[in-house]
Amino acid sequence: MAGYQGWFYTEGDDGYDDWKHWSSSKNPPAPDTVTIDMWPDLREYDADELYPTKFQYRDGSNAGVYSAYNLKTVERHCRWMAEYGIDGVFVQRFLGEVQKHLFVRDRVLENVRKGAETYGRVFVNMYDISSGEEATMYEDIINDWKHLVDDEKITQSDRYLHHDGRPLLAIWGFGFSDRMGEPEEVARLINWFKNNAEEKYRVTLMGGVPTKWRMLTGDSKSDPQWGDIYRSYDILSPWTVGRFRDNEGADRYLRDYVNPDKAECDKHNIDYLPVVFPGFSTNNLKPEKPFNEIPRKGGTFLWRQFSNVISSGNVQVYVAMFDEVDEGAAIFKLTENDEQTPTTGEFLTLDADEGFPNIPNDWYLTLVGAATGFLKNGGDFPSTIPSLQSTSKPILQPTTMPVALSPYRELTTRLDGRKPCIGNTFSVRAKDSPISIGGFKVRMSGTRRNSRTLITVFTKRGDPSNSNRWEFVHEIRVKRKRRPHLHDLGMFECPVIIASGKRQAFYIRTGNRYIYSTEVVNPSNVIKENGLFDVINGDGVINAQKKRASGKYVWNGTVVYRKGALGPAYCLDAQTA
């Protein structure tokens, strides 16, 4: 899991309408006002996601930046998580900002929710108490959580992470020497969440706590009551960013903090969540700080931390952060060299450290995804970083490549006995030839028509040595003698997925490549209460849910077979005919 700040806004984004975290003034980012140290690689973003700045690229085009208020951008970030095998994010919710701009933080959280639901990720609300009001802190947090549960209904999402039978909620900042909170009030708040609240508000509570929480020194407040408060959390996650600067420091931190912290948590039956970070630089935000203060060293610094904490028996890791470019700690796609950054200003690029040229823009997504795979699959974690590949795509390749699949024969058992069919996993028969980089063709020969159509499935999931489990990432390539009939906004009738002429909505990318949008166009079936409608499939009926807009419905990822014989049914991700 990674942290997601979601605090980058722009003028004209219809939300915050200000250059929050991009610029130190209310004017567009410029060399004298920009506050980020790492420039995101924005080449994949569409024009409607970028907001003009005072910067230009070398080709003369404007170097626009994104806003987390824009759903399309946040869904893109969630798609990257899915593509690289990152489970999800802790969405930061800054207490001070909630009091002043509630609708903005609600929108960011809702964007993440939609992205997580679309791409099969998970998310958690994480309060950051910074800038909150101490006098009303207790009521502010409780009232906002009630708002999220009752009004936003976030815990009703099947992608909101639960732990030990309850929704997981994180609070970061209590106990830090420079943060608000008196021990009696914090203890009362924790007790409310765990014991005194109505059942629907109760949670498994995680605390983002100081590095020296055990010793009550350094970054921790020293009142002995804090020792009991820290040990009353269900999960403890001590903050790490900036506490060491190189691999040797990471090794000392493992010896002096991680191992004894975990031992103390085990003693008190507390789950331990260590924090790792890729590097740190905040010179544009704080000019007194050195540029490239904690070098990334081509990912070796991050990999050493992964190796240390996972080899020590930890089964979960918090990565700080997914999108933190103003402190140079982001793992999403970043500029590789100066040719990709604006012509003015100083920005930290991935090739900055001597001896580490040609680092691809997605290298840190790749590394975090690889570490996630090792966490899930077990085995000895390698102490040395995987070698770069020219593709910059998933570095873990299966020993036996998978391949062609008859979806009808392989997947119909998932529907036997009227059990729900939830897609996203294929059983693949190991024969024929794969496509490069973890892709393989699915030949729809089991259908009554369109037997020449091929669907290309990308991105491996699961045990790297097991060729039988792969993830469909919502991208298809339609190979036909004639292109499908296109509708407005890039939607088209897809004869591949929907038998009997029903429509399913896609968004066109380029050429014959399409992105599955998880929308279903009303095929003139019966509309039911709460936005339900039936999609007829031969002798059976499939139930689609969640009305979005007139004539369009959001597929909820689960198909319930309700009557009759299946006939030639098959299941592709959340797409089922």
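Relative contact order (percent) for segment 297-356, with alpha-carbon contacts under 8 angstrom and 6 or more residues of separation? Walk me through the numbers on the way to the answer.
Working: 39 pairs, mean separation 18.6, N = 60.
Taking the mean separation of contacting Cα pairs over the length of segment 297-356, I get 31 percent.
Along the Cα→Cβ direction, 7 angstrom out, place labels at Q99 and K267. What is the inter-label distance in nm?
Using points 7 Å along Cα→Cβ, the separation is 3.7 nm.
Would you tally the net charge around Y51, using a Cβ to Cβ cut-off of less than 14 Å, leaving Y51 out, and scoring K and R as +1, D and E as -1?
Numbers: positive: K20, K26, K54, K72; negative: E11, D13, D14, D17, D18, D46, D48, E49.
Once positives and negatives cancel, what remains is -4.
Determine the alpha carbon to alpha carbon distance for each of K194/K286; K26/K72; K221/K289 and list only those over 31 Å.
Checking Cα-Cα distances, K194/K286 exceed 31 Å.
If I model a spin label as a point 7 Å beyond the Cα along the Cα-Cβ vector, how far apart are those points for T136 and Q156 in nm?
It is 2.7 nm.
Can you put H77, H162, H101, H147 in order of accessible area, largest first, using a 1.4 Å probe? It would help to have the intermediate numbers written out before the result.
Values: H77 0, H162 85, H101 55, H147 35 Å².
Ranked from most to least accessible, the order is H162, H101, H147, H77.
Which GluC sites (Glu not before Pro) in segment 295-391 sit in a loop by DSSP (not H, G, I, E or B) and have at most 11 other Cβ atoms within 10 Å of their own Cβ?
E354
Under a 1.4 angstrom probe, counting protein chains only, how are D48, D353 ranked by accessible area, largest first?
Details: D48 95, D353 20 Å².
So, going from the largest accessible area down, we get D48, D353.
Give the residue list of trypsin sites (Lys or Arg not before Pro) in segment 118-208 that are DSSP loop and have at most 12 other beta-carbon atoms within 10 angstrom. Walk me through the numbers before you get to the answer.
Values: sites: R121, K146, K153, R159, R179, R188, K194, K200, R202; in loops: R121, K153, R159, R179, R202.
Hits after loop and neighbour filter: K153.
Sorted by accessible area with a 1.4 angstrom probe, largest first, how do E49, E264 fall? Provide the component values of the computation, followed by the final result.
Details: E49 0, E264 40 Å².
The ranking, largest first, comes out as E264, E49.
Taking 7 Å along the Cα-to-C-beta vector as the label spot, tell me the D48-S222 distance in nanometres, rounded to one decimal.
Taking the two extended label points, one gets 5.8 nm.
Could you check how much of the accessible area of segment 201-351 is carbon and sulfur, as a whole percent, using a 1.4 Å probe?
44
Would you tell me the accessible area of D144, worked out with a 1.4 angstrom probe on the heavy atoms of the protein chains, in Å² to the nearest 10?
Here the accessible area works out near 10 Å².
So how far, in whole Å, is the C-alpha centre of segment 157-202 from the one of segment 205-234?
Result: 14 Å between the Cα centres.
The values are calculated or read from the model by the stated rules, or taken from the named source; none is laboratory data. Computed from a predicted model, the values in this text were never measured in an experiment. When we count neighbours, we look across all protein chains shown, and the Cβ atoms used for this are built from the backbone with ideal geometry, even at glycine. What goes into the accessible areas is simple: the full protein's heavy atoms, side chains included, and nothing from ligands, DNA or RNA. Shrake-Rupley method; radii C 1.70, N 1.55, O 1.52, S 1.80 Å.
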